[in-house]
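Scroll down for the structure; my scribbles are underneath it.
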Amino acid sequence: MYVRHRGTLVEVDAPAKVNLFLEILSRRADGFHELETLMAPVGLYDRVSLAANSTKTLSLSCRWAHGVEGYRTRHGAVGGGIWEAVPAPEDNLALRSLALLQRRAGVETGADVRLVKRIPASAGLGGASSDAAAVLVAANLAWGLGWSRRQLAEVAAELGSDVPFFLHGGPCLCRGRGERIEPVEGVKPLNLVIARPPAGLATAAVYRACSPAEQPRHAGPILAAARDGDVVQLGRLLFNRLQNAAERLSPWIGRLQDAFGRLNCLGHQMSGSGTSYVGLCRHASHARAIAARLRATGVGAVFVVTT
């Protein structure tokens with residue numbers, strides 16, 4: 001997350017994330033799932049611009065970035081399937097995030113938010129959660145609250161399981177329903193290719209279709225590989241328990257698995273609850289070459305990123 005603060009205006013670049021490991025341990029009494037996941041922010045960003053105002057009103061305008069709008073226009077239904085219509089302001093998690101912080105802090109001033117999106121929705125990339133976290137960070141600065149990350153994280157946990165993760169600046173091991181966070185230090189940047197097909201999946205539907213593991217895997221081995229900088233071993237240890245469930249719900253998961261399997265990736269899997277699919281590469285030029293081959297197959301939008 002990159003933050004720029006100029007007077008009453010705060011701009012935040014809010015990153016997407018990928019899951020390098022995701023195991024479902026059990027179903028909880030509250031309806032959520034107990035999980036263990038290794039997540040990392042990646043260099044694909046939405047931009048949040050927030051300015052404090054002299055009233056108590058809150059407003060949000062949201063649009064796709066100009067390049068995205070051009071893609072949607074050129075590619076018709078395919079483009080619209082990758083970058084879906086943005087939600088109405090009252091349905092946007094970013095505005096709910098702002099309103100919740102205003103209530104918790106007892107703030108008498110308001111804010112106007114402009115959100116320019118590049119991260120596809122319904123993709124397992126955490127775009128809405130990242131935007132919500134960015135709004136918390138921006139409003140904390142614009143309103144002069146001086147809240148700590150721990151205080152913001154308490155609000156973030158009320159908004160969604162992934163939102164607290166985005167308040168940290170790097171890879172994290174997340175447990176519980178995602179709110180118990182352990183930053184992972186000493187991990188070198190990874191070169192990745194992400195493909196988002198022309199259809200998404202609802203997170204709740206994927207979790208409903210997934211049964212907890214009878215013999216769960218644990219993140220220790222992949223953490224060790226990440227800390228050792230052993231990308232070959234890390235590629236072998238990529239894992240996502242949700243992938244089989246998502247494959248039953250969307251034919252795109254199997255298609256992407258086949259497409260990545262024909263390429264020379266170190267490892268590949270679905271991110272989060274899908275439908276985005278991630279390939280681990282040796283270096284940046286390797287990632288660019290794989291991305292070019294994927295784009296030629298028409299699998300959807302393809303991004304080259306680093307963690």
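Under the criterion of Cα pairs below 8 Å and six or more residues apart, the relative contact order for the chain equals 23 percent.
With all protein chains in place and ligands, DNA and RNA left out, the 1.4 Å accessible area ranks Glu108, Glu11 as Glu108, Glu11, largest first. Computed over the chain, the per-residue total of -39500 (n - 2.57) for DSSP H runs of n ≥ 4 gives a 222 nm mean residue ellipticity of -11000 deg cm²/dmol, rounded to 500.
Solvent-accessible area of His5, all protein chains in place: 90 Å² (probe radius 1.4 Å, heavy atoms, ligands and nucleic acids excluded). For the stretch 2-139, a Kirkwood radius taken over Cα pairs fed into Stokes-Einstein (37 °C, viscosity 0.692 mPa s) yields D = 201 µm²/s. Of the solvent-accessible surface of the stretch 1-96, computed with a 1.4 Å probe and all protein chains present, 57% belongs to carbon and sulfur.
Entry note: the stretch 93-187 has Rg to Rh equal to 0.97, where both radii use alpha-carbon atoms and Rh is the Kirkwood radius. So what's the gap between the Cα centers of the stretch 18-35 and the stretch 81-159, to the nearest angstrom? Measuring centre to centre over Cα atoms gives 23 Å. Per residue, the convex hull around the alpha carbon atoms of the stretch 227-283 comes to 78 Å³. Note on the stretch 183-246: the alpha carbon radius of gyration divided by the globular reference 2.2 N^0.38 Å gives 1.37.
Here the stretch 169-275 is assigned +1 on the Cβ of each Lys and Arg and -1 on the Cβ of each Asp and Glu. Its dipole about the Cα centre then comes out at about 240 debye.
Largest mean-square fluctuation among Pro183, Pro120, Pro171, in a Gaussian network model of the chain whose springs join Cα atoms under 10 Å apart, belongs to Pro183. For the chain, a Gaussian network of Cα nodes joined below 10 Å ranks Asn264, Asn140, Asn191 by mean-square fluctuation, and the top entry is Asn264. Computed about the Cα centre, the dipole magnitude for the chain is approximately 620 debye when only Lys and Arg (+1) and Asp and Glu (-1) carry charge, each at its Cβ. By the Cα gyration tensor, the chain has an equivalent ellipsoid whose semi-axes, rounded to whole angstrom, run 31, 23, 18 from largest to smallest. Within the listed set Ser273, Ser130, Ser26, the residue fluctuating most in the Gaussian network model of the chain (springs between alpha-carbon atoms under 10 angstrom) is Ser26. Ignoring ligands, DNA and RNA, what percent of the 1.4 Å accessible area of the stretch 155-217 is carbon and sulfur? Carbon and sulfur: 46 percent of the exposed surface of the stretch 155-217. The charge dipole of the stretch 92-182, taken about the Cα centre with unit charges on the Cβ atoms of Lys, Arg (+1) and Asp, Glu (-1), comes to about 100 debye, rounded to the nearest 20.
Think of a 1.4 Å ball rolled over the protein heavy atoms: the chain then has 43 Å² of accessible area per residue.
The values are calculated or read from the model by the stated rules, or taken from the named source; none is laboratory data. None of these values were measured; they are calculated from a predicted model. We place every Cβ from the backbone using ideal geometry, glycine too, and count neighbours over all the protein chains shown. Side chains are part of the model used for accessible areas, which takes the heavy atoms of the whole protein and leaves out ligands, DNA and RNA. Shrake-Rupley method; radii C 1.70, N 1.55, O 1.52, S 1.80 Å.
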